[in-house]
Structures are given as C-alpha cells and as structure tokens.
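The values are calculated or read from the model by the stated rules, or taken from the named source; none is laboratory data. The shown structure was predicted, so the numbers you read here are calculated from the model rather than taken from an experiment. Neighbour counts run over all protein chains shown; Cβ positions are idealised from the backbone, glycine included. Areas reflect the complete protein model, heavy atoms only, side chains present, ligands, DNA and RNA absent. Shrake-Rupley method; radii C 1.70, N 1.55, O 1.52, S 1.80 Å.
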Amino acid sequence: LFGLMEWVMRQIGCIPTQKYVSDLRLVQDMEYCFKTLKTSVLMYPEACYSFDGTATTLPAKMGILLKKYGVPVIMIQTFGAFGRNPLYNELKIRKHVPITAKATVLFTKEEIKEKSVRELTEGVENAFGFDNFLWQKQQNLHIDQPFRADGLHRILYKCAACGAENQMEGRGTHISCKHCGKTYELTTLGELKATEGETEISHIPDYYRWERQQVRQEIENGTYKLDTDVDIVMQVDYKTFYRVGEGHLIHDNSGFTLTGCDGKLHYTQKPNFSYSLYCDYYWYEIDDVIGIGDNEVHYFLFPKNHAPVAKVRLATEEMYKLFKAKKLPAAKE
C-alpha cells in the first residue's frame with residue numbers, strides 16, 4: 001500500500017518499513033517521534049494478517065522496544081472486524097456485522113520502568129490472545145450470508161477426513177474435499193458441521209492448529225517441500241511495484257531459494273531469517289501471494305500451482321522455532 005500511496009501516507013505520518021525484517025531505521029524513526037516530535041506512535045505489533053481469526057506470532061523483542069522508549073502503552077482492540085471481512089472470503093463484505101473498539105492502558109510509564117523486559121513481553125503476548133470465531137459464538141452473532149464459506153479452503157487446505165492437500169473448495173455455505181467428497185457446512189455461528197458422518201474438527205482455529213501440527217511433522221521428517229514456478233513482482237523503493245517476469249521458488253528445511261529472470265535472479269533466505277512470513281490472499285485482486293526479501297528488495301511471488309500460502313507461512317514459523325531450538329533436520333534430497 002505504501003508503494004502506491006507514498007506521498008499521502010507520508011503526509012499523514014506513516015513510517016515505512018519492511019515486514020519481518022530487522023530495521024534499525026524504524027527504531028530510530030520511532031524514537032524521533034517520541035523524543036523530538038513529542039507525539040504518539042500507533043503500532044500494529046502483529047505485522048501479520050490473521051488467517052484463522054486468532055493471534056499470530058509476535059516479535060520476540062517487544063519488551064525490549066517498550067523498555068527502550070519508556071512511554072505509556074495503550075491498546076486498542078477491535079471486535080467484529082474479522083467477522084465482517086475475513087481475509088479468506090474473497091473481499092466480500094458482510095455488511096450487517098457490527099464493529100466496536102475498546103481502548104485500555106496496557107502499561108503506564110511507571111510500570112514500564114518497574115517491569116522486566118520479560119514481564120513486558122509476556123504482558124503484550126497475553127493481551128493479544130484472541131479468538132474471533134469463539135467471540136462470534138459467545139456473542140451469538142449469526143452470519144448468514146450465502147457466500148460465508150467462499151475461499152475458506154485458503155486456510156483449511158488439508159482434508160481432516162482423508163488427509164488430501166489442495167483438494168478443498170469453499171463455496172457458498174459449504175467446504176468440500178474433491179478427493180474424498182467429505183463436506184462441511186459453515187454454520188451461521190462460524191462452526192464446521194459435517195453434512196454426513198463425523199465432524200472431525202468443528203472449530204476453525206483448532207483445524208488450523210491441526211494443520212500446523214501436520215506441517216511440523218513433515219519438517220521434522222525432512223519431507224516438507226514447496227517446489228513451484230512463480231510470477232514475480234519486486235519492490236525496491238516506496239514508489240511502486242515492478243513486474244519482472246517468471247521464476248522458480250523452492251522452500252524446504254534449508255529455507256527459501258528463488259531463481260528467475262533468465263538467470264539474473266538468485267535469492268536465498270535461511271530458516272532463521274524471520275519468525276513469520278508475509279502472505280496474503282487475492283493480493284491487489286491478482287492472486288494469493290508469498291512475500292520474501294530483505295532491507296534492499298522485497299519479492300512478491302504468485303505460485304502457479306496454486307500452492308496453499310497458509311501452509312508456507314505455517315512451515316516458515318515452525319522451521320524458525322525448530323532452528324532456534326537446534327532441532328531442525330536437514331532437508332532431504
């Protein structure tokens with residue numbers, strides 16, 4: 001977005017940065033806002049879209065950042081935004097879903113000074129624990145649009161009945177497996193209910209966690225691999241995006257390897273590079289996208305085999321955890 005609206009966003013005070021990349025300049029810009037401009041800074045500390053309506057992985061050094069600045073921290077939490085426009089639902093708005101917001105003081109200036117970095121980090125992590133599907137059920141909020149399951153296969157890409165991947169299709173009010181025929185209704189309260197037989201997993205965040213466990217097992221076995229041709233869009237400045245052609249992307253326990261542009265492009269990204277991965281659905285109404293890159297260049301990649309980008313993000317996060325725990329096995333040839 002910054003690349004297409006740079007002038008406007010700078011005028012309203014937006015600070016540019018790359019997602020999931022260590023950025024000392026961003027830290028300095030924030031310090032300038034606090035100490036020189038004497039203004040507040042609005043942060044989205046997840047920096048990651050929620051696919052399943054629950055909190056995504058937070059940066060591990062949030063406590064250090066808060067300690068460095070020593071300013072009060074106010075948290076603004078919205079309710080209903082995910083239900084109104086979940087990322088998987090192909091940009092279709094559920095107009096009758098109400099949206100509210102609540103502001104709370106997470107830490108006062110005195111508490112920032114008194115608490116340890118670990119206590120601050122844990123406080124932020126606890127505050128960001130949420131489950132939008134559970135909230136919907138607790139609020140008895142019925143979402144009855146006939147398109148509510150459109151695109152649901154983008155997050156529920158693996159069949160819980162037969163285990164087939166990339167065979168699920170969410171359409172209308174149901175999601176089905178084209179391999180075994182298993183079909184579930186997405187109820188008006190946001191739960192899955194099998195049209196016939198057992199409902200293996202009814203709560204969508206539980207289903208997503210099951211997929212995470214399946215991916216982790218592949219990584220531990222050394223069998224996880226994404227191998228696909230991609231269309232490539234690059235960002236090298238904050239002015240625009242550049243289509244540069246086609247390439248090939250491999251993701252395994254060694255990390256990402258991107259090649260292309262008639263041999264002119266070769267980029268690698270190790271498993272310890274970042275705790276998460278930028279992915280988006282129907283990016284600028286083009287297609288599902290995977291984003292990798294560093295402070296110099298960012299690549300937006302569109303898999304031609306329609307590989308589930310949710311699985312790639314899960315794999316990136318689990319590889320990072322295993323690498324940090326020194327338990328990441330080598331990729332199998």
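Some observations on this one:
- Rolling a 1.4 Å probe over the protein heavy atoms of segment 208-333, with every protein chain left in place, gives an accessible area that is 46 percent carbon and sulfur.
- The helix-only estimate of mean residue ellipticity at 222 nm for the chain, built from DSSP H runs of length n ≥ 4 each weighted as -39500 (n - 2.57), is -7500 deg cm²/dmol after division by the residue total.
- Packing, taken as the mean count of other beta carbons within 10 Å per residue, orders the peptides 97-109, 188-200 from highest to lowest as 188-200, 97-109.
- Peptide packing: for 139-148, 312-321, 49-58, the average count of neighbouring Cβ atoms within 10 Å per residue gives the ranking 312-321, 49-58, 139-148, highest mean first.
- Point-charge dipole on Cβ atoms (K/R +1, D/E -1) for the chain, about Cα centre, debye to 20: 860 debye
- As a calculated quantity, the FRET efficiency between THR39 and LYS113 at R0 = 30 Å, using C-beta atoms, amounts to about 0.90.
- D (Stokes-Einstein, µm²/s), Kirkwood Cα radius, segment 54-172, 1.567 mPa s at 4 °C: 76 µm²/s
- Computed over the Cα atoms of the chain, pair by distinct pair, the Kirkwood hydrodynamic radius stands at 21.6 angstrom.
- Counted by Cβ distance under 13 Å from ARG84, the other residues give a net charge of +4, where Lys and Arg count +1 and Asp and Glu count -1.
- Summing charges over all other residues whose Cβ lies under 15 Å from the Cβ of PRO98, with Lys and Arg as +1 and Asp and Glu as -1, gives +3.
- Using a cutoff of 8 angstrom between alpha carbon atoms and counting only pairs six or more residues apart, the relative contact order for the chain works out to 15 percent.
- Karplus (6.51, -1.76, 1.60) ³J(HN,Hα), θ = phi - 60°, over segment 178-185, in Hz, Gly and Pro reported as x: 6, 7, 10, x, 4, 10, 10, 8
- FRET efficiency estimate (nearest 0.05) - Cβ-Cβ, TYR242 to GLN213, R0 35 angstrom: 0.35
- With a cut-off of 9 Å between beta carbons, the residues surrounding ASN295 carry a summed charge of -2, where Lys and Arg count +1 and Asp and Glu -1.
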